[in-house]
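Worksheet: one structure, shown below.
Computed from the coordinates by the stated procedures, all read-outs in this text should not be read as laboratory data. Since we're looking at a predicted model, the values are computed, not measured. Reconstructed Cβ throughout: ideal geometry from the backbone, glycine too, with neighbour counts over all protein chains shown.
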Amino acid sequence: MKPDYIISLEQVPQLKPEERKELKKVTRWFSFQSNDYYLSLINWQDPDDPIRRLIIPQIRELDEWGTLDPSSENLYTKAPGLQHKYRETALLLVSDMCGGLCRFCFRKRLFVNDSSEVVPDVTEALRYISNHQEITNVLLTGGDPLMLETGDLEPTVRKLREIDHVQIIRIGSKMPAYNPYRIIDDPELLEMIRKYSTPEKRIYIMAQFNHPRELSEPAMEAVRLLQGSGAILMNQTPMIHGINDNPEVLSMLFKKLSFMGVSPYYVFQCRPAKGNRIFSVPLEEAYAIFEKARGMCSGLAKRARFVMSHKKGKIEVVGVDATHTYFRYNQAAEPADLGRFVVCERNPDACWFDDYRECTSD
């Protein structure tokens, strides 16, 4: 089955004409894209349906808030299409297309502007990786790498495998949720993974299931096929208001993933990207939801960490008490920050690390 892509609100018959007219104000700035498979997961009788909220534009996306590059990724671009922020990890932007456009996307600048961040020729980026032996992990991202035909993706994977010090190749993809048939119907993709995901050097699929209802039968079949081909699957999701900012929903997501052998990896604080105010949960509230959800799970389902992908590093929220919020740098752009513990006065309105103006290091 090959889902039909839908790139216009006119192709969504469940929307009323007046809704389409209003939402076109949003799509002038922030594009819409989905497919008939994914839209079939929506309960159209529920105006607050979480899958609808994830993919269908909302007028409040036009609220003034945030920036197009909330993690200052431009600071870490070392070659066309390549970011190198953390010592051991490089990001290679190989696609400027996605199976659907998440309304809360933090990299929506790729779809707002004519972006030069994604380049079809990764020769210079591969040269950079080859010349930096500290890089052991390469994350293929974008956009979504699995929007590429397997024949177009395979040369990059092969060339990375030819670099001895690259031990792990990660493919960041929401296609198992957005279009599992991209995986189910492509034996060449599965064969490529089988070839390059070796016992010594694995391919990791960094999936993004945001809500338990995305774990449909086809999605679970896609996961099973990827695992059977030798890939290791992890899941990461932002915490998004109206989608998974509920302990019962988030714990169910953790549980279902763990039952399938997919490790919950990161839960991200929603980045302050333009259009994202409607999706952001105050950080201390989000942490409380996260901890309550973890408390409902067994050990294998509670391995996720609650973090921010801040311009200075991957900053984990490790605790909140009556007066303070506690952070730790799990990764850092500056080596001196790695592992650093930070204590801040509580701020119940804070949505991002920068909102904690009174931070002091401990």
Q) in contact with a Gly (Cβ under 6 Å, 6 or more places away or on another chain) and touching a residue at least 24 places away in the same chain (Cβ under 8 Å) - does that describe any residue in segment 276-288? A) yes
Q | Every residue from segment 91-131 that is surrounded by fewer than 16 Cβ atoms within 10 Å (Cβ to Cβ) and either over 22 Å from the mean Cα position of the chain (by Cα) or over 23 Å from Ala333 (Cβ atoms) (or both) | A | Val112, Asn113, Asp114, Pro120, Asp121, Thr123, Glu124, Arg127, Asn131
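If I filter segment 258-273 for residues that are under 30 Å from Glu217 (Cα atoms), in contact (Cβ under 8 Å) with a residue 60 or more places away in the chain and within 17 Å of the chain's Cα centre (by Cα), do I get at least one hit? Lay out the reasoning, then the answer.
Of the residues in segment 258-273, the ones under 30 Å from Glu217 (Cα atoms) are 258-270.
With in contact (Cβ under 8 Å) with a residue 60 or more places away in the chain added as a condition, the list becomes 269-270.
Then keep just the ones that are within 17 Å of the chain's Cα centre (by Cα); that gives 269-270.
Within segment 258-273 (the criterion being under 30 Å from Glu217 (Cα atoms), in contact (Cβ under 8 Å) with a residue 60 or more places away in the chain and within 17 Å of the chain's Cα centre (by Cα)), the answer is yes, since at least one residue qualifies.
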Q: Assess whether Ser251 counts as being surrounded by 19 or more Cβ atoms within 10 Å (Cβ to Cβ), part of a helix (DSSP H, G or I) and touching a Leu at 6+ places or on another chain (Cβ under 8 Å).
A: no
Q.
Here are the criteria: (1) touching a Lys or Arg at 6+ places or on another chain (Cβ under 6 Å); (2) farther than 27 Å from Phe104 by Cβ; (3) of a type outside the set (A, V, I, L, M, F, W, C). Tell me which single one Pro212 does not satisfy.
A. (2)
Q: Please state which one of Phe306, Phe290 is over 19 Å from Thr89 (Cα atoms) and assigned to a helix (DSSP H, G or I).
A: Phe290
(Q) Among the residues of segment 18-48, what is the count of those that are touching a residue at least 24 places away in the same chain (Cβ under 8 Å) and surrounded by 12 or more Cβ atoms within 10 Å (Cβ to Cβ)? (A) 19
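Just give me the residues in segment 49-67 being surrounded by 15 or more Cβ atoms within 10 Å (Cβ to Cβ) and over 23 Å from Tyr181 (Cα atoms), in sequence order.
Here is the first cut: in segment 49-67, the ones surrounded by 15 or more Cβ atoms within 10 Å (Cβ to Cβ) are 49-58, 61-62, 65-66.
Across segment 49-67, the qualifying residues are Asp49, Pro57, Gln58, Glu61, Leu62, Trp65, Gly66.
Closer than 27 Å to Arg305 by Cβ, in contact with a helix residue (DSSP H, G or I) (Cβ under 8 Å, 6 or more places away or on another chain) and β-branched (Val, Ile, Thr): does that describe Ile243?
Working: closer than 27 Å to Arg305 by Cβ: yes; in contact with a helix residue (DSSP H, G or I) (Cβ under 8 Å, 6 or more places away or on another chain): yes; β-branched (Val, Ile, Thr): yes.
Judged against the criteria, Ile243 is a match.
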Q) Is there a residue in segment 130-139 that is under 26 Å from Thr67 (Cα atoms), out of contact with any His (no Cβ under 7 Å at 6 or more places or on another chain) and not β-branched (Val, Ile, Thr)? A) yes
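So which residues in segment 255-274 are buried (at least 24 other Cβ atoms within 10 Å of the Cβ) and under 29 Å from Asp355 (Cα atoms)?
Going through segment 255-274, the residues buried (at least 24 other Cβ atoms within 10 Å of the Cβ) turn out to be 257, 264, 267, 269-270.
Across segment 255-274, the qualifying residues are Pro264, Val267, Gln269, Cys270.
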Q. Is there any pair linking a residue in segment 196-215 that is within 9 Å of Leu253 (Cβ to Cβ) and touching a residue at least 40 places away in the same chain (Cβ under 8 Å) to one that is β-branched (Val, Ile, Thr) and crowded, with 19+ Cβ neighbours inside 10 Å, with Cβ under 6 Å and at least six apart or on different chains, and which?
A. Asn210/Thr237; Asn210/Ile243; His211/Ile243
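Residue-by-condition table, conditions (1) within 19 Å of Phe268 (Cα to Cα); (2) out of contact with any Ser or Thr (no Cβ under 8 Å at 6 or more places or on another chain); (3) of a type outside the set (Asp, Glu):
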{"position": "Lys195", "(1), (2), (3)": "no, yes, yes"}
{"position": "Glu200", "(1), (2), (3)": "no, yes, no"}
{"position": "Asn210", "(1), (2), (3)": "yes, no, yes"}
{"position": "Glu214", "(1), (2), (3)": "yes, yes, no"}
